[in-house]
Amino acid sequence: MRRAIYPGSFDPVTNGHVDVITRAARLFDELIVAVAHNPRKICVFTPPERVGMIEIAVRGLDNVRAVHFDGLLVDLATRERASTLVRGLRAVSDFEFEFQMALMNRKLRPEIETIFLAPGEEFTYLSSGLVKEIAMLGGDIGGFVPPTVREALEARLSSLGR
Ligand code: PNS
C-alpha cells in the first residue's frame, strides 16, 4: 500500500489544491489531505471546517481522505504509515521554503520522502491568501475555488462584517 500525505493550511482549499490532489491521487494507493492546526496562523476557518470543504471538493476521488492534525507532520506520517509527503510547487518563489521544510522533515524522519508536484499552469498564481483578500474586497472568486468554498467564504466574511 503506497500512502502519501498532502499537508497544508488549506484556509480555504482552492482549485489549485484540488488540481494537486487529483494528480497525487493518481500516483498513490491512498492520499491523505492533512489540514494543519497552526496556532501561529490566523485562519478564517477552523480545521474541521477546512476538512469538510476538502471532503466536498474531492468527492469522486475514492482514494482520498481528509484529516486535521496537531503536532509534527512527520509524526502524523508515522501514525498513518505514509512514506511520502506531497507538496505543490507553483513557482521558484515557493522553492526556498519548501526545500527547507523537506530537508528538515528528512532530518526528523529520514525514511519519509517529500515529492513536489507542479500544478496546472493556470493555477500558478493562485493562493488561499489572495483568494481571501479578493473576497474581502468584494471581487469574484468563482473561478478560483470550488462552489461550496465560495459560498462558505462569502458567508463567513459577511458574518465577520468584511
Ligand atoms: O499551506 P502551508 O501553510 O504552506 O502548509 C505548511 C505546513 C502545514 C505543511 C507546515 O507548516 C507543517 O508541516 N506544519 C506541521 C508542523 C510541522 O511538522 N512543522 C515542522 C515542518 S518542517
Of the residues in the stretch 23-41, those that are part of a helix (DSSP H, G or I) and either of a type in the set (Lys, Arg) or out of contact with any strand residue (DSSP E or B) (no Cβ under 9 Å at 6 or more places or on another chain) (or both) number 2
Picking from Arg87, Arg50, Arg81, Arg26, the residue that is within 17 Å of Ile5 (Cα to Cα), away from the ligand (no atom under 14 Å from the Cβ), in contact (Cβ under 8 Å) with a residue 40 or more places away in the chain and not polar (S, T, N, Q) would be Arg81
Within the stretch 33-46, residues within 13 Å of the ligand (Cβ to nearest atom) and either aliphatic (A, V, I, L, M) or on the phi > 0 side of the Ramachandran plot (or both) come out as Val33, Ala34, Val35, Ala36, Ile42
Listed by first then second residue, the pairs whose first member lies in the stretch 92-108 and is under 17 Å from Val74 (Cβ atoms), whose partner is near the ligand (Cβ under 9 Å from one of its atoms) and part of a helix (DSSP H, G or I), with beta carbons under 8 Å and at least 6 positions apart or on separate chains, are Asn105/Leu73; Asn105/Val74; Leu108/Val74
Check your understanding: Does Ala66 satisfy the criteria of being touching a helix residue (DSSP H, G or I) at 6+ places or on another chain (Cβ under 6 Å) and aliphatic (A, V, I, L, M)?
Key -> yes
Looking across the stretch 134-157 at residues that are in contact (Cβ under 8 Å) with a residue 60 or more places away in the chain and in a loop (DSSP other than H, G, I, E, B), the single one that is surrounded by the most Cβ atoms within 10 Å (Cβ to Cβ) is Val145
Verdict on Phe123 being under 24 Å from Val44 (Cα atoms), surrounded by 13 or more Cβ atoms within 10 Å (Cβ to Cβ) and touching an Asp or Glu at 6+ places or on another chain (Cβ under 8 Å) = yes
How many residues of the stretch 82-133 are touching a Gly at 6+ places or on another chain (Cβ under 7 Å) and assigned to a helix (DSSP H, G or I)? The answer is 1
Over the stretch 53-78, the set of residues β-branched (Val, Ile, Thr), more than 15 Å from the chain's Cα centre (by Cα) and away from the ligand (no atom under 11 Å from the Cβ) is Thr78
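Since every read-out is calculated from the coordinates, none of them should be taken as a lab result. Model, not experiment: these values are computed from the prediction. Don't worry about glycine lacking a Cβ; one is built from the backbone with ideal geometry, like all the others, and counts go over all protein chains shown.
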